[in-house]
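Take a look at the structure set out below.
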Amino acid sequence: MTGELEGRVAIVTGAAGGIGREFVRGLLGAGAKVAALDIDDGLLGELAAGHGEAVSAGRLVTLPADIARWAECEAAVGRVQERLGGPDILVNNGAVGMGVIRSDHMTNLVEIHEIGPEVWDRFVAVNLSGAWYMTRASVGGMLDRGWGRIVNVTTSFFTMMRGKFHPYGPVKAGFEAMSAGHATEFAGRGVTVNVVVPGGPTDTPMVPPESGIDRAAMVRPSAMVPPVLWLCSEEGGAWNGHRYVAGNWDAALDSAAAAEGCRAPIGWPDLAGSPVWPGGKPPE
Ligand SMILES: NC(=O)c1ccc[n+]([C@@H]2O[C@H](COP(=O)([O-])OP(=O)(O)OC[C@H]3O[C@@H](n4cnc5c(N)ncnc54)[C@H](O)[C@@H]3O)[C@@H](O)[C@H]2O)c1
């Protein structure tokens, strides 16, 4: 992949987190210029310090911003355009996890009375609106130029449907549905939208030490990188509206075969094909 993304500009949200920093490393390694966006200024400083050469060369820019706020997303994308160009690639990865409610939420599941409306609203704002704001601010230029890659990090269907895993699960289900809709909306215009998920608990700060899960047995955050780089490549650009389970990516295969092995359509297309529609088919 070295050099394949030269000349491309990527934005990664949640870039200072466990998976986000692996995306930054992978995209820089493939030759892209990267704008690393996160709400945590301190972690962004650490990220920049770990990539001193890329920062000095103007290939890595760190941007503190809260994706739950439209004005901050719009301003951040504007700064990327001024400083790096593009953006050509958007990785909607930033999110809050259930750990913001309680660090033992995996062993002692969270019930509805523990979730205040402000907590519900914050999850919707960050984990759903944040991705929509970033897409809204970035996609116009991609469509104008006829080239773009949007990669959305949702979660496993098990987590979406799980009881006592609210607001995280249902909000991610909304993000999954949004991804399917955007893939359809931008299809045929050079901009792809795909979902990449780890497939299970991943060894990042989002899974607190109190989870009781053997950390060595979790999905490695670096496992998320190969499917994303492949989707950003020219070959991967042929695929739109799909969902890749990174934990099932077989690194022993070439990228096209590995992608084939962990690919399914986004969301629930088998349930979406035949609405009861007056007069026949709905417009597309
Ligand atoms: N870790 C897992 O087990 C797991 C499993 C499935 C999916 N995911 C998804 O993977 C993605 C990355 O998560 P992670 O495991 O690296 O978690 P993480 O907590 O390490 O990283 C999340 C990052 O998002 C940032 N962030 C939070 N709120 C923000 C906001 N309002 N604006 C901008 N940035 C914000 C955080 O500061 C953090 O750096 C998330 O979308 C998560 O839902 C994680």
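Please treat every number below as a calculation from the coordinates, not as lab data. Keep in mind it's a predicted model, so treat the numbers as computed, not measured. Glycine gets a Cβ as well: all are built from the backbone with ideal geometry, and neighbour counts include every protein chain shown.
Brief remarks on what is shown
- The packing ranking, built from the mean of other Cβ atoms within 10 Å per residue, places the peptides 169-176, 64-71, 140-147, 86-93 in the order 86-93, 169-176, 64-71, 140-147, highest first.
- What the Cα atoms of the stretch 159-284 give is an Rg and a Dmax of 16.8, 56 Å.
- Value in Å of the Kirkwood radius, where the chain supplies the Cα pairs that are averaged: 19.2 Å
- Helix-only [θ]222 nm of the chain, DSSP H runs n ≥ 4, -39500 (n - 2.57) each, per residue, nearest 500: -11000 deg cm²/dmol
- Computed from backbone phi, the HN-Hα couplings of the stretch 215-232 come to 5, 5, 8, 6, 4, 6, x, 5, 5, 6, 6, x, x, 5, 5, 5, 5, 7 Hz, rounded to whole numbers (Karplus: 6.51 cos²θ - 1.76 cosθ + 1.60, θ = phi - 60°; Gly and Pro given as x).
- Mean separation of Cα contacts under 8 Å, 6 or more apart, over the residue count of the stretch 1-125: relative contact order %: 27 percent
- Positive contributions from Lys and Arg (+1) and negative ones from Asp and Glu (-1), summed over other residues with Cβ under 12 Å from the Cβ of Leu28, come out at +2.
- The order of the peptides 246-257, 35-46 by mean Cβ neighbours within 10 Å, most packed first, is 35-46, 246-257.
- Approximate spin-label separation Asp214-Arg145, in nm, with each point projected 7 Å along Cα-to-Cβ: 4.5 nm
- q = 0.12, 0.13, 0.19 Å⁻¹, the stretch 1-160: log10 I(q)/I(0) [Debye, one scatterer per Cα]: -0.53, -0.62, -1.17
- Rounded to whole Hz, the Karplus (6.51, -1.76, 1.60) HN-Hα couplings of the stretch 8-20, x for glycine and proline: 9, 10, 10, 10, 10, 8, x, 5, 8, x, x, 7, x
- In this structure the amide hydrogen of Leu90, modeled in the peptide plane, comes within under 5 Å of the amide hydrogens of Ile11, Arg149, Ile150, Val151, none closer than 5 places in sequence on its chain.
- Computed 3J(HN,Hα) for the stretch 166-177, one whole-Hz value per residue from the Karplus formula 6.51 cos²θ - 1.76 cosθ + 1.60 where θ = phi - 60°, is 9, x, 3, x, x, 5, 5, 5, x, 5, 4, 5, glycine and proline marked x.
- Exposure proxy ranking for His182, His51, based on other Cβ atoms within 10 angstrom of each Cβ and starting from the fewest, stands as His51, His182.
- Think of each Lys and Arg Cβ as +1 and each Asp and Glu Cβ as -1; about the Cα centre, that makes the dipole of the chain roughly 300 debye.
- Exposure proxy order (Cβ contacts within 10 Å, fewest to most) of Glu72, Glu6: Glu6, Glu72
- Its residue count N sets the reference 2.2 N^0.38 Å, and the alpha-carbon radius of gyration of the stretch 72-119 equals 1.84 times that reference.
- At full extension, Leu109 and Ala238 could sit 42.4 nm farther apart than now, given 0.36 nm per residue minus the alpha carbon distance.
- Rg followed by Dmax, in Å, when the stretch 66-160 is reduced to its Cα trace: 16.1, 49
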